[in-house]
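Rule-based calculations on the coordinates, nothing more; no lab input. Please read these numbers as outputs of a predicted model, since none were measured by experiment. Note: ideal-geometry Cβ built from the backbone for every residue, glycine included; neighbour counts use all protein chains shown.
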Amino acid sequence: MSWKLFAFRIGVINSDKDSTLAKKYGVDSYPKLVMLPYRNHDKYETFSSSLKSKDVIDFVFNRVPSFVTGVRHSTIDRWLGQSDKPKVVLVTQKAKTPPMFNFIAKEFRDKFDFGLASKSDGIFLEKYSIKEVPKLLLFQDELSEPVIIDGNLDYERLKAKINQHFGSQKTTKAPKHKIQELTAKSRTESCPDDTAFCAIFVLENSSELSGIPVKELSQKFKKIRFSWVDSTKNSELLEALGKKDVKRGLVIYNPKKRKYVWSEETLEKSGKFLDDVTAGVVWKSVERDALASLH
C-alpha cells in the first residue's frame with residue numbers, strides 16, 4: 001500500500017445494480033471515474049478519457065486544494081513570523097508541490113505551517129547552507145535555526161521525522177522581556193547562546209533608557225531578548241563588535257552564528273531598525289564570541 005491510499009476514500013459502483021446512483025452522477029459509459037469533493041458532493045467531476053494510473057493520479061491531485069505556501073529567500077523571514085505554529089519547509093527541485101507533501105500538510109495543518117522552496121532559489125540555499133536537495137527544514141519558531149533532514153523523504157519517514165522532532169521539543173514559557181543590564185553574570189539569561197536575536201542598547205548609564213520606547217518594543221518583538229550594556233565598562237566588547245569608541249547605540253547580536261549588525265537609527269527610532277533586522281539585513285561576523293569579554 002502507498003501513502004496515496006490514505007488521501008482519499010475509494011468506492012466502486014456496479015451501475016447494473018445501482019442505475020439510480022449512476023444516473024445521479026452522469027455515468028453513461030464505462031468505466032468512469034467520479035470525484036466527489038469533501039463535504040460538497042454536488043460539485044462532482046467525471047473522468048473517462050484514460051484510466052491509466054498516471055492519468056488518474058494527475059486528474060485527482062490537480063484538484064486537491066493546496067495546504068502548502070511557496071517561500072523564497074525574500075519572503076521566508078516574514079512567513080516564519082506570521083503565526084506561532086512551528087514550520088516545515090521542503091526544499092526540492094520540483095516546480096510544483098509534491099502530492100505526498102501536500103497531503104501531509106493537510107493532515108497536520110492545525111499543528112504546523114508548511115512551505116515549499118525551490119532549488120532554483122540560490123540565495124535561499126545559501127542562507128541555510130543547502131548544497132543538495134531534497135531537504136526538509138523544521139523550524140520551532142521564527143528565531144530558531146532549523147533542523148535540516150536529508151535523504152529520501154517518503155511519506156512515512158517524513159511524518160515520523162516531523163512527529164519525532166516537534167514531539168520532543170519542550171514547551172517553554174515566553175521569556176520576560178524586561179531591559180536588564182548585560183553583564184558576564186547575567187549573560188545566560190539576557191543573551192543565551194541559543195538565541196537568534198539579542199538587541200543590546202549601548203548606554204553610558206541606565207537612566208538613558210527613559211528615552212527609549214522599551215515597553216512598545218518588548219510587546220512588538222516578543223521573541224527578541226533585550227538588554228543594555230554599559231559603554232564605559234565594556235570597550236573590549238564594543239571593539240569586538242567593530243565600534244570601540246561608541247557611547248550610545250543599538251547592536252543586534254546573534255551569539256549562535258557570531259554575527260552582528262549596528263543600527264543607523266537613533267535609539268528613539270529603534271523599532272524601524274528591528275523591523276529591518278527581522279526582514280533581512282547584511283550581517284558582519286566575529287571570529288570569537290563577542291560576549292566573552294563582558295564585565
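If you line up the long axis of helix 270-279 against the longest principal axis of the chain, both from Cα atoms, how many degrees apart are they, to the nearest 10? Helix 270-279 and the main axis of the chain meet at about 40 degrees. Averaging 1/r over each pair of different alpha-carbon atoms in region 180-293 and inverting the result gives 14.0 Å, the Kirkwood hydrodynamic radius. Straightening the chain between LEU209 and LYS256 buys 14.2 nm, computed as 0.36 nm per residue apart minus the Cα-Cα spacing. For THR69, the residues whose modelled amide H falls within less than 5 Å of its own, excluding neighbours fewer than 5 places apart on the same chain, are PHE114, GLY115, LEU116.
Given 37 °C and 0.692 mPa s, compute D for region 69-167 with the Stokes-Einstein relation, Rh being the Kirkwood radius over Cα pairs; round to the nearest whole µm²/s. So the translational diffusion coefficient is about 245 µm²/s.
Here the spin labels are modelled as points 7 Å beyond Cα on the Cα-Cβ line, and at HIS165 and GLU45 they lie 3.2 nm apart. Between the helical axis of 155-167 and the dominant principal axis of the chain, each derived from Cα atoms, what acute angle in degrees is found, rounded to the nearest 10? The answer is roughly 30 degrees. Taken about its Cα centre, region 56-96 carries a charge dipole of roughly 60 debye when the Cβ of each Lys and Arg holds +1 and the Cβ of each Asp and Glu holds -1.
Modelled label positions at LYS127 and LYS272, each set 7 Å beyond Cα in the direction of Cβ, lie 2.4 nm from each other.
Between LEU36 and ASP245, the simple label model (points 7 Å from Cα in the Cβ direction) yields a spacing of 8.0 nm.
Three semi-axes describe the equivalent ellipsoid of the chain; taken as square roots of 5 times the Cα gyration tensor eigenvalues and ordered largest first, they are 54, 18, 16 Å.
For LEU250, nonlocal amide neighbours, meaning residues 5 or more places apart or on other chains whose placed amide H falls under 5 Å from its own, are VAL202, SER263.
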